[in-house]
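Peer 1: One structure coming up, written as structure tokens, with questions to follow.
Nothing in this text is a laboratory measurement; each read-out follows from the coordinates by a stated rule. What you are looking at is a predicted structure, and each value in this text was computed from that prediction instead of being measured. Note that each Cβ is placed from the backbone with ideal geometry, even for glycine, and that neighbours are counted across all protein chains shown.
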Amino acid sequence: MTSRVAVTGLGCVSALGQTVATNWTRVKAGECGITSLAQAHPDVERLVKNGPAAQIDSLDTSAVEAYAGRKVTAQLDPVAAFALVATHEALLDGGLVGAPELAEAAIVYGGASGGNATLEEGYLRILTKGQATVHPLTVPKTMSSAAVSQLSMLFGVRGVAFAISSACASSAHAIAEAAHMVRAGRTKIAIAGGADASLNFGSWYAWLALQAMAPDTCRPFSIDRKGMVLGEGAATVVLEDLEHARARGATIYAELIGMGGSSDAGHLTAPSAEGAGKAVRAAYADAGLAVDTPVLVSAHGTGTPLNDKTETEVMRGVLGGDLARHRVIATKSAHGHLLGAGGAIEFVLGVLALKEAVAPPILNYLGLDPECDLPLALGACQPFEADALVSNSFAFGGLNSVLIAKRV
Amino acid sequence: MSVTRDNVLDVIAQESLVERSALTSDATLESLGIQSLDIISIVFALEDKFGIVLEQSEFEGVTTVDQLVDIIVNKANATDTASAGQAAPAAKT
């Protein structure tokens with residue numbers, strides 16, 4: 001006897017703005033959070049961030065501070081601050097802030113890396129500025145599980161809590177594993193999602209060196225796409241035993257019915273259609289969903305030449321010949337690549353698209369690439385009645401996680 | 001330029017997020033909710049602000065705001081006045 005898993009709370013922050021409502025409204029309107037950066041490092045003149053990025057220029061922590069006091073947010077790395085803001089929203093949305101149930105809830109939260117800005121500041125002090133010490137909170141601010149601990153402390157969550165890291169699939173894996181916990185009856189409520197803050201200078205140079213970043217913008221599945229655009233932020237979902245959610249009259253956005261994962265055992269950066277396809281098929285099998293069911297695919301859709309071509313091959317392989325009944329969205333074109341938080345924000349936006357029966361547009365599209373001939377959502381936001389959402393995350397290092405949700 | 005008690009109290013208030021008016025001469029750090037790791041963070045900020053270096057042994061017995069202010073003011077004003085008040089010690093290389 002397993003429990004069904006409901007999605008009962010949503011929260012997010014990205015370059016599009018704070019709150020799910022803002023992000024969703026802007027995604028539907030076809031607005032893009034990517035801007036052209038030209039930022040010099042305040043201490044090291046020769047370092048510049050020059051190019052397109054989806055950066056969060058300011059974070060409003062007033063709602064969290066009103067709940068928990070100013071001291072909570074004063075000493076946070078941006079990655080934990082993003083996590084707190086998104087999770088506070090998700091728990092408010094789920095009617096769970098201060099709820100006694102949280103004492104037994106679980107947290108599974110993802111991130112590709114943690115506390116990069118804090119680490120960079122520490123290195124800058126000792127390696128460049130000739131200072132002898134780094135900030136005394138450097139260790140607790142940079143540990144990969146820092147955000148999880150902050151969430152637990154802030155919201156009084158005393159169940160099983162841990163971080164998951166699988167590069168750009170981190171938060172999708174986190175949601176999947178949290179869902180398995182709810183399904184197995186190990187917890188009634190699980191807080192899941194992810195956060196990443198990798199727009200510090202060191203991370204910027206690392207991504208530049210990888211030559212994966214687009215010089216212009218993010219154009220998923222488009223001809224002449226040139227790469228990904230770095231973003232940052234967090235997204236959180238509340239997963240809950242469906243009966244528990246119904247009993248307390250919670251808003252149920254969707255039911256999470258399928259989780260599939262795989263690893264490519266292939267290349268450190270190049271995607272594998274075989275590996276990714278295995279994850280999609282596993283999610284379909286877990287969901288018990290027929291492949292001819294009309295679905296909305298929230299694609300991994302990074303905008304790199306290789307990812308989008310491979311993802312096309314994967315989805316064509318899984319879905320079969322008649323693709324017109326499905327629709328593919330790729331919201332990285334609006335909020336950039338949130339790395340470890342990407343899977344979660346794309347799941348959140350996908351769930352809303354499923355619920356409202358619309359397909360928000362893929363932005364910056366220049367024209368058909370014959371190798372990416374999927375039924376893409378282009379132009380304006382259009383009505384699209386899907387029976388289920390398929391949310392793909394295919395990470396560097398060949399770690400794949402796919403989530404399938406259906407309307408309730 | 002010498003470092004005043006007010007200069008030090010401003011930094012403590014900013015770092016500890018305690019209202020400046022609560023930092024009275026007889027207030028204990030404990031009563032203000034300033035715990036051991038908070039003290040280390042405050043000292044870190046004071047070192048940066050006033051260009052000084054404190055060994056842990058110099059402040060480990062501190063229990064009141066006044067004691068901390070005394071230590072910082074004395075240390076800062078005993079240090080080479082040329083470097084006092086700088087944001088950070090000069091680079092070594």
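Peer 1: Which of the GluC sites (Glu not before Pro) across the stretch A:300-408 are loop residues per DSSP, with 16 or fewer other Cβ within 10 Å?
Peer 2: Details: sites: A:311, A:313, A:346, A:356, A:371, A:385; in loops: A:385.
Counting only loop positions with at most 16 other Cβ atoms within 10 Å, the GluC sites (Glu not before Pro) in the stretch A:300-408 are A:385.
Peer 1: So, one more: Hand me the trypsin sites (Lys or Arg not before Pro) from the stretch A:232-282 located in a DSSP loop with no more than 16 other Cβ atoms within 10 Å, in residue order please.
Peer 2: A:248
Peer 1: At a 10 angstrom cut-off on C-beta neighbours, averaged per residue, how do the peptides A:185-191, A:285-291 rank from highest to lowest?
Peer 2: My ranking of the peptides, most packed first, is A:185-191, A:285-291.
Peer 1: Per residue, what volume in Å³ does the Cα convex hull of chain A take up?
Peer 2: Details: hull volume 51.0 nm³, N = 408.
Per residue, the Cα convex hull of chain A comes to 125 Å³.
Peer 1: Oh, and also: Between residue A:143 and residue A:316, what length comes free when the chain is fully extended (0.36 nm per residue of separation minus the Cα-Cα distance, one decimal in nm)? Can you show the working numbers first?
Peer 2: Details: separation 173, 0.36 × 173 = 62.28 nm, distance 3.98 nm.
Difference between extended and current length: 58.3 nm.
Peer 1: Figure the gain on full extension for residue A:104 and residue A:43 (residue separation times 0.36 nm, minus the Cα-Cα span) and round it to one decimal in nm.
Peer 2: Extra length available between residue A:104 and residue A:43 comes to 17.4 nm.
Peer 1: Starting from the alpha-carbon convex hull of the stretch B:14-64, give the projected area averaged over all orientations, in nm².
Peer 2: 3.6 nm²
Peer 1: Continuing with this model, one more query. Work out the FRET efficiency for residue A:4 and residue A:292 from their Cβ-Cβ distance, taking R0 = 35 Å, and round it to the nearest 0.05. Provide the component values of the computation, followed by the final result.
Peer 2: Details: r = 23 Å, r/R0 = 0.67.
After rounding, the FRET efficiency stands at 0.90.
Peer 1: Still on this structure, I have one more. Given 0.36 nm per residue, what is the gain on full extension from residue A:306 to residue A:248 after removing their alpha carbon distance, in nm?
Peer 2: 16.3 nm
Peer 1: What list of ³J(HN,Hα) values in whole Hz, one per residue of the stretch A:31-36 in order, does the Karplus curve 6.51 cos²θ - 1.76 cosθ + 1.60 (θ = phi - 60°) give from phi, with Gly and Pro shown as x?
Peer 2: 8, 10, x, 7, 10, 8
Peer 1: Could I ask something else about it? Please compute, for peptide A:130-140, the average count of beta-carbon atoms on other protein chains lying within 10 Å of each residue's beta-carbon. Each step should come with its number before you reach the end.
Peer 2: Values: counts 6, 8, 4, 5, 1, 5, 9, 5, 0, 0, 1.
Average neighbour count from other chains, rounded to a whole number: 4.
Peer 1: Just in the stretch A:1-81: which trypsin sites (Lys or Arg not before Pro) are loop by DSSP and have at most 10 other Cβ atoms within 10 Å?
Peer 2: A:46
Peer 1: Take the Cα radius of gyration of the stretch A:258-406 and divide it by 2.2 N^0.38 Å, with N its residue count; two decimals is plenty.
Peer 2: On the way: Rg = 13.7 Å, N = 149, 2.2 N^0.38 = 14.7 Å.
Output field value: 0.93.
Peer 1: Which order results if A:31, B:60 are arranged by neighbouring Cβ count within 10 Å, fewest first? Provide the component values of the computation, followed by the final result.
Peer 2: Values: A:31 13, B:60 9.
Listed from fewest to most nearby Cβ atoms, that is B:60, A:31.
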